[in-house]
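Some notes on the structure that comes next.
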Amino acid sequence: MTVKTSAIAHSNIALIKYWGRSRDHDPNLNIPSNDSVSMTKYGLTDDIHLQTHTTIAFSDNYQEDTANLDGAVLTGRNMDRILRVVDPLRKHAGVDAKFKMMSSNDFPTQAGLASSSSGFAALAIATVHALGIDFTKEDISKYARLGSGSAARSIHGGFVYWNKGSSHETSFAQQICGPDEFDINAVIAIVHEGTKEVTSDVGHKSAHTSPFDGVRIRKSQEQAKEIRKAILDHDFAKVGKIAEENCKYMHAVMMTSTPPLFYWSPETLRLIRSTQEMRREGLECYFTIDAGPNVHYFCRPEDTLELQKTLEKIEGVRKTILVKPANDSQVIKKHLF
Ligand code: DP6
């Protein structure tokens, strides 16, 4: 017997960051030390929708589990992370069959844009449906989390709240509101097109060594609740300000961890400093930066093109990608094999 399902999922950008896992739980469960909040992203530039398309099939005819991403066979740590999602679902469904998985990103995996959030969300959705498991989106979010924490949030579209919880069963993401319910766009300023120098996994493990970690966790808990309210109140300025603050807290922890992590490049700092000037000129925008040098700017939808033009003039910006909130990730009919 063979069953096959495909799904697409979008990556997300965190407004309140997940950085560091709870040290009271098995680190493989990816239970975070604080709640986090994100916007699921739909790319509007050059057919880059910031989405992953994944097909998975289970068959008694397969001799072994295989996985392929953009034409490359996945082994080692990459395959282990896939098994962390698929194995417990296979067990839950009482299925022994091996799987074949193929996945493709519609953006270059090397482009410095997080691909694991969309990748593991698409994998979890496709696997749950292929195995015929009757799960809610919140349940699927728990299994996406096992591959990559941020993937827990990419199950939903729009604006998403990941409650840290205190166990595998209670740590999952829920939608705050849909993509059309809060008017905000983003422009990504790409200054470096490469993979991360230090993986987030390394940072999650060392975050607690920063003397500022406790403060960041406490502030993030408060800010997660504040920003959820600001999103529901359609308060763009408040959302932007909180997101920018929270990003700086995370980078302060990164820079003061042992060993220290400096993800910014000189171009990143140039962009940060230009933000003040852009705002003084009347272009209201707020930045956030993940574990890399590229900068996401939030703006009102009517300001998107002006923001893009302004960013493209800044030295060191190689490319910009326009982004709006994405729909839910979902099962699709088109298979990759
Ligand atoms: C800085 O462990 O989810 O993006 O390395 O892509 O699997 P991957 O990341 P993950 O950590 C995400 C860290 C972050 C902040 C965030 O998305 O909340």
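The values are calculated or read from the model by the stated rules, or taken from the named source; none is laboratory data. These numbers were taken from a predicted model, which means no experiment stands behind them. With ideal geometry, Cβ positions are generated from the backbone for all residues, glycine too; neighbour counts draw on all protein chains shown. Surface accessibility is based on the protein's heavy atoms, side chains included, excluding ligands, DNA and RNA. Shrake-Rupley method; radii C 1.70, N 1.55, O 1.52, S 1.80 Å.
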For the stretch 217-332, rounded, prolate or oblate, judged on the Cα gyration tensor with a ≥ b ≥ c (square roots of eigenvalues), a/c < 1.5 rounded, else prolate if a/b > b/c?
-> rounded
If you line up the long axis of helix 236-255 against the longest principal axis of the chain, both from Cα atoms, how many degrees apart are they, to the nearest 10?
-> 80 degrees
Under a point-charge model restricted to the Cβ atoms of Lys and Arg (+1) and Asp and Glu (-1), what is the dipole moment magnitude of the chain relative to its Cα centre, in debye to the nearest 20?
-> 500 debye
Rg and Dmax of the chain, using alpha carbons, in Å: what are they?
-> 19.2, 64
How much accessible area per residue does the stretch 1-113 have, in Å², with a 1.4 Å probe?
-> 42 Å²
Classify the stretch 74-219 as rounded, prolate or oblate from the Cα gyration tensor: take a ≥ b ≥ c as the square roots of its eigenvalues, call it rounded if a/c is under 1.5, otherwise prolate when a/b beats b/c and oblate if not.
-> rounded
Helix 76-93 sits off the longest principal axis of the Cα atoms of the chain, rounded to the nearest 10 on a 0 to 90 degree scale, by 60 degrees
Theoretical gain in end-to-end length, Thr258 to Val198 [0.36 nm per residue, Cα-Cα removed] = 20.3 nm
Of Ile133, Gly94, Leu113, whose Cα points farthest to the positive end of the dipole of the stretch 81-143 (charges on the beta-carbon: +1 Lys, Arg; -1 Asp, Glu; origin at the Cα centre)?
-> Gly94
Straight-line reach from Lys17: which lysines have a Cα under 20 Å away, not including same-chain ones fewer than 8 places off?
-> Lys41, Lys142, Lys164, Lys196, Lys205, Lys219, Lys225, Lys229, Lys238, Lys241, Lys248, Lys324
List the chymotrypsin sites (Phe, Trp or Tyr not before Pro) in the stretch 28-111 that DSSP assigns to loop (not H, G, I, E or B) and whose Cβ has at most 16 other Cβ atoms within 10 Å. Which are they?
-> Tyr62
Taking only Cα atoms, what is the 0 to 90° angle, nearest 10, from helix 137-147's long axis to the longest principal axis of the chain?
-> 90 degrees
The chain, accessible surface, carbon-and-sulfur percent (1.4 angstrom probe) | 49 percent
Treat each spin label as a single point 7 Å out from the Cα along the C-beta direction, and report the Ile133 to Asn68 distance in nm.
-> 2.5 nm
Along the dipole axis of the chain (charges at Cβ: +1 for Lys and Arg, -1 for Asp and Glu; origin at the Cα centre), the most positive-end residue among Ala124, Thr199, Leu74 is Thr199
Potential lengthening between Arg280 and Thr75 on full extension [0.36 nm per residue; Cα-Cα distance subtracted] = 68.8 nm
With at most 12 other Cβ atoms within 10 Å, longest stretch of the chain clear of loop trypsin sites (Lys or Arg not before Pro) (DSSP) = 24-312
Taking a ≥ b ≥ c as the square roots of the Cα gyration tensor eigenvalues, with a/c under 1.5 meaning rounded and otherwise prolate when a/b beats b/c or oblate if not, the stretch 193-242 comes out oblate
Residue-count net charge about Arg23 - beta-carbon cut-off 11 Å; Lys, Arg +1, Asp, Glu -1 = -1
Identify, among Val317, Phe262, Thr54, the residue whose Cα sits farthest towards the positive end of the charge dipole of the chain, taking +1 on the Cβ of Lys and Arg and -1 on the Cβ of Asp and Glu, with the dipole about the Cα centre.
-> Phe262
Work out the FRET efficiency for Asp87 and Asp183 from their Cβ-Cβ distance, taking R0 = 41 Å, and round it to the nearest 0.05.
-> 0.50
Contour excess over end-to-end distance, with Cα ends at Gln221 and Asp233 and 0.36 nm allotted per residue = 2.4 nm
Size of charge dipole - the stretch 62-184 - debye, nearest 20, with Cβ of Lys, Arg +1 and Asp, Glu -1, no other charges = 400 debye
